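The values are calculated or read from the model by the stated rules, or taken from the named source; none is laboratory data. Computed from a predicted model, the values in this text were never measured in an experiment. Because the Cβ atoms are built from the backbone with ideal geometry, glycine has one as well, and the counts that use them run over all protein chains shown. Protein only, heavy atoms only, side chains kept; ligands, DNA and RNA dropped before computing areas. Shrake-Rupley method; radii C 1.70, N 1.55, O 1.52, S 1.80 Å.
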Amino acid sequence: GGGVGVGCGKASFEELQARVGEVEHGLDRRLETNFHQCLKRILKAKEETDRTPLLRDKLVHILRAYAASNKTLEAEDFLRRVFIAPSLERHIEEIQTSFISSASPSASSSSIALLEQFALFVLDIVQHKYAMLLDCTLPNTTTGATGTTDATTVTEAPAVLGFDFLGRSIWPAVYEVLCSKLSNCFLPGIPDSFHGNYILSMRLLSAVENRYRCREAVLHFRQTPAYTDFIKKWNINIYFQLRFQEIASDVEHHLAEPFNNQLTVASVDGTVSVKPQSSGFLVRSTESILKNCLKCFNDDIFLSALSPRFLRLSMQLLSRFSSWVRQLHSAHNSDDIKNPEEVARIMTVVAVDLETLASKVGDDLYKLALRKMESEEAQEHIRTCLSAAVSGLRRLVDPCFELVAKALGTACNTQTGAVKTLVTVYRMTGRPAPTKPSSFVSLFLKTLKSYLHDHAPFVTESRRISIRSSVVESVTARLLESVHTMTQEVKKMDEMLRRLKKAAPTAGEMSDADKIMSQLYLDIKEYGNELQAIGHSTETDSMYAQLTTQVADYNMTA
């Protein structure tokens, strides 16, 4: 008898469970139906003002019923399946059909335009269509994604807690449609398209985050699978590599170009001069460096998630240019400079461009990069990096101008050797005593004078004075050495000839040695006139004073 009783009790319990299940199922269906009808009424109201307090109260009542029965996930899933996902799919199909039927734009602009239309529709869902539902389920205090709380801003009534329609209904449906219908927007193969799509998507994501009303809710949203999978979908590493190759190849192309091909020259009255580029630079390589450094932070290229890498790339470009300048300097710097006038021209335009580049890096690039950095720490890092880069560029300027002076000195000194020909002009030729300077004296500083004239528009006055002083010092030193050597040799040869002739020269008659030294006196005096003509003071030049002392005794005009 006991066995029969237990069996009947078990059957009755199972029957009761089945009836309870039927009741729960019926209640669930009824709750779902009420939720469905309420949402339809909300969507049907064309204006938010049409969504009456009575309608809101009914929605809150339904949501509380879901929460009380621990069915919040079911409500979120129902919204996603029945409302959000179908409306998103319908809309994306409509805009895709519209784009196909219209004039076909480029793949890049088409992808961005499609995503833009889709993003606007999502924003409408979040900010308008389902505003009442979200307002009822969001916490009271408003903080948004930045975490700044405004304690004075509250909702009309306490929210129904426990729901996350944004993170578990709307955004998962958005992500699913993006993956299935607009998957091309994630492809980094076309950098311009990828960049536009990424920026649009991050703005959309930011707008969704700002719909939350507390920092904790935002952080929770960022931990949801739909959020993390969406972020991972954007392969910004490949995007950066493509941009890196694009920028680096452009720079290397210009650096590898023959130097003279990088200049724009103009010929006026037979004089060839370098013309500045539209950017203000003289050399196209320098122009390319700044252009590509700025490109790293252009709105069409830069991504905040890649800010450290784009900053590093811009520093690498400046370092690469510095290495190129050092290699150029080394290639032209030697004890015996070939084609010194060409070397002077090359190093001048490079030095001038270095100064211009340093100025623009410290101004244009600094301002542009600083605007892209969000934190004070990042901004300070920018200041440190660019300050070091500017200092590095400016340290290269002086060596370039020093090589300019060295090259000009080499060119001028090739002319000073002409003074040694005076021996052959007067030795045993019977030529009369000299009365005017040699014609070759005007050639001593000809290269320097041409340089100072041709480069006046680019080289500062202080630099020109420094170069002039250095070249004059080199030329005067060479003349001093030549005159000293000639004086000794002429005296020895004259003494030897006198002994051979065993007779003193006739009174009033100049010896060949006297003629040579007299010519040297006239030439050195004329050299002093040439120095003063280019603005160099002979009165304060101790080396020139030594030079005149060497020949002072042969002033036959005194």
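Of the residues making up segment 244-266, just one is at pLDDT below 95 and of a type in the set (Ser, Thr, Tyr), namely Thr264. Out of segment 514-551, which residues are open to solvent by 20 Å² or more (accessible area, probe 1.4 Å), closer than 16 Å to Ser474 by Cβ and assigned to a helix (DSSP H, G or I)? Within segment 514-551, Glu530, Ser542, Met543, Tyr544, Gln546 qualify. Residues that are in contact (Cβ under 8 Å) with a residue 12 or more places away in the chain and polar (S, T, N, Q) within segment 317-350 comprise Ser319, Ser322, Asn333, Thr348, listed in sequence order.
Does at least one position in segment 426-439 carry a residue that is open to solvent by 10 Å² or more (accessible area, probe 1.4 Å) and at positive phi? There is at least one residue in segment 426-439 that is open to solvent by 10 Å² or more (accessible area, probe 1.4 Å) and at positive phi.
The set of residues from segment 182-212 being of a type in the set (A, V, I, L, M), over 18 Å from Glu76 (Cβ atoms), touching a helix residue (DSSP H, G or I) at 6+ places or on another chain (Cβ under 8 Å) and open to solvent by less than 50 Å² (accessible area, probe 1.4 Å) comprises Leu182, Leu200, Leu204, Leu205, Ala207. For segment 466-503, the tally of residues that are more than 21 Å from Gln415 (Cα to Cα) and out of contact with any helix residue (DSSP H, G or I) (no Cβ under 6 Å at 6 or more places or on another chain) stands at 14. Here Arg215 fulfils each of the conditions (1) open to solvent by 50 Å² or more (accessible area, probe 1.4 Å); (2) more than 22 Å from Leu138 (Cβ to Cβ) apart from (2).
Picking from residues in segment 226-242 that are in contact (Cβ under 8 Å) with a residue 40 or more places away in the chain and open to solvent by 40 Å² or more (accessible area, probe 1.4 Å), the one that is nearest to the chain's Cα centre (by Cα) is Leu242. Being surrounded by fewer than 22 Cβ atoms within 10 Å (Cβ to Cβ) and not aromatic (Phe, Trp, Tyr) is not true of Ala344. Val404 - would you say it is open to solvent by less than 10 Å² (accessible area, probe 1.4 Å), touching a Ser or Thr at 6+ places or on another chain (Cβ under 6 Å) and over 27 Å from Lys275 (Cα atoms)? No, not satisfied. For Glu509, which of the numbered conditions (1) modelled with pLDDT under 85; (2) in contact with a Lys or Arg (Cβ under 8 Å, 6 or more places away or on another chain) fails to hold? For Glu509, the exception is condition (2).
Look at (1) modelled with pLDDT of 65 or more; (2) in a helix (DSSP H, G or I); (3) of a type outside the set (Lys, Arg) and you find that Asn70 fails only one, number (2). Evaluated against (1) closer than 23 Å to Lys275 by Cα; (2) modelled with pLDDT of 90 or more, Leu445 falls short on exactly one condition, (1). Just one of the listed residues (Ala456, Ala433, Ala418) is farther than 30 Å from Leu354 by Cβ, among the aliphatic types (A, V, I, L, M) and not in a helix (DSSP H, G or I), namely Ala433. Just one of the listed residues (Ser102, Ser111) is at pLDDT below 90, within 30 Å of Asp300 (Cα to Cα) and open to solvent by 40 Å² or more (accessible area, probe 1.4 Å), and it is Ser102. How many of the residues in segment 334-351 are among the hydrophobic types (A, V, I, L, M, F, W, C) and farther than 10 Å from Leu403 by Cβ? Residues that pass the stated criteria total 1. Restricting Leu306, Leu357 to residues that are open to solvent by less than 30 Å² (accessible area, probe 1.4 Å) and either under 27 Å from Ile238 (Cβ atoms) or β-branched (Val, Ile, Thr) (or both) narrows the list to Leu306.
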